[in-house]
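Heads up: the structure comes next, in structure tokens.
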Amino acid sequence: MLDALLGAQDQRMPVPNTGSLYGDLLALATERAEYLSGSHGRALLRSMVMSSDDAVLIEMRDDFLQARFQSLKPLFDRAIDRGEWLVETDPRLLLEMLFGPLYFRVLISREPIDREFLEHLVDRVAAVFGITGR
């Protein structure tokens with residue numbers, strides 16, 4: 001089941017290209033929130049959490065996450081070309097800071113993920129990394 005969920009999810013998450021890193025992050029967070037608000041996204045997230053004790057599922061999850069982070073590399077490459085991102089800065093940390101609160105709201109607090117929350121989240125993450133553009 002996790003394999004099917006991972007395969008379907010990877011096809012649904014395009015890499016935004018809005019012309020700015022801030023815009024790309026907002027588009028990415030918005031897409032992720034919309035996906036996680038649906039039954040498929042919630043099922044995937046819960047399955048990934050439940051897979052923590054099974055070695056095969058752990059490997060599948062880790063491979064998926066690595067591939068997903070790698071698939072977002074063009075977003076950061078474009079930001080480097082525009083002077084918005086430093087080569088030596090770790091994009092994975094930014095993505096974890098961006099997605100973590102979304103996962104928390106879906107799994108733990110069950111609070112809504114609305115546009116106001118997403119903009120506030122992207123503002124805070126962008127501030128940490130010195131990203132401007134709003």
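Could you please find all residues in the stretch 69-84 being among the basic types (Lys, Arg) and surrounded by 15 or more Cβ atoms within 10 Å (Cβ to Cβ)?
If the condition is that a residue be among the basic types (Lys, Arg) and surrounded by 15 or more Cβ atoms within 10 Å (Cβ to Cβ), then Arg78 is the only one that fits.
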Scan of the stretch 25-42 for residues that are over 11 Å from the mean Cα position of the chain (by Cα) and either without any contact (Cβ under 8 Å) to a residue 40 or more places away in the chain or surrounded by 17 or more Cβ atoms within 10 Å (Cβ to Cβ) (or both), ordered by number = Glu34, Gly38, Ser39, His40, Gly41
How many residues are surrounded by fewer than 19 Cβ atoms within 10 Å (Cβ to Cβ) and either among the β-branched types (Val, Ile, Thr) or not in a helix (DSSP H, G or I) (or both) if we restrict to the stretch 85-102?
-> 5
Log entry, pairs with first residue in the stretch 75-90 being without any contact (Cβ under 8 Å) to a residue 12 or more places away in the chain, second being surrounded by fewer than 19 Cβ atoms within 10 Å (Cβ to Cβ) and assigned to a helix (DSSP H, G or I), beta carbons closer than 9 Å, six or more apart or on different chains, reads Leu86/Ile80; Val87/Ile80
Hits in the stretch 42-66 (condition: at pLDDT 75 or above, closer than 15 Å to Val106 by Cα and either among the hydrophobic types (A, V, I, L, M, F, W, C) or out of contact with any Leu (no Cβ under 9 Å at 6 or more places or on another chain) (or both)) | Ala43, Leu44, Leu45
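The values are calculated or read from the model by the stated rules, or taken from the named source; none is laboratory data. Here the structure is a predicted model, which is why all the values come from computation and not from measurement. Using ideal geometry, Cβ is built from the backbone for each residue, glycine included, and neighbour counts are taken over all protein chains shown.
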